[in-house]
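The values are calculated or read from the model by the stated rules, or taken from the named source; none is laboratory data. Here the structure is a predicted model, which means the values were calculated and not measured. We place every Cβ from the backbone using ideal geometry, glycine too, and count neighbours over all the protein chains shown. Side chains are part of the model used for accessible areas, which takes the heavy atoms of the whole protein and leaves out ligands, DNA and RNA. Shrake-Rupley method; radii C 1.70, N 1.55, O 1.52, S 1.80 Å.
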Amino acid sequence: MGGEWSLVAFTITGQLAAGLYLVLGVAAFFGLTDAAARLGRAGRLGFLTIVLALLAAATALSIFHLHHPSKAYRTLANLGRSWLSREILSLVV
């Protein structure tokens with residue numbers, strides 16, 4: 001797999017965060033299950049913190065795919081040409 005491990009880890013981590021939020025977070029937010037009652041306000045905040053931490057980890061993992069990680073600050077400047085830049089921006093949004 002060579003240097004592609006970071007893209008695999010980025011994709012899995014990002015999709016895990018999105019899946020957790022969609023399956024558990026939306027249901028708890030709208031009170032569709034008793035999960036909202038069991039979690040309480042502090043539990044929901046903790047849950048969102050975990051989702052945001054997973055998103056931050058996915059973003060950090062994507063930087064390892066760059067040829068020169070030290071130039072990662074310029075990643076979002078290539079939105080017109082780089083699919084990775086677009087993917088990172090959409091993940092952050």
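Matching residues to (1) within 26 Å of residue 8 (Cα to Cα); (2) of a type in the set (Gly, Ala, Ser); (3) open to solvent by 60 Å² or more (accessible area, probe 1.4 Å); (4) at pLDDT below 75:
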site: 45; (1), (2), (3), (4): no, no, yes, no
site: 52; (1), (2), (3), (4): yes, no, yes, no
site: 61; (1), (2), (3), (4): yes, no, no, no
site: 74; (1), (2), (3), (4): yes, no, yes, yes
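Based on what the data block shows, is residue 37 modelled with pLDDT of 70 or more, exposed (fewer than 14 other Cβ atoms within 10 Å of the Cβ) and part of a helix (DSSP H, G or I)?
So residue 37 fails the test.
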Only residues that are at pLDDT below 80 and over 13 Å from residue 44 (Cα atoms): list them for the stretch 7-32, please.
32
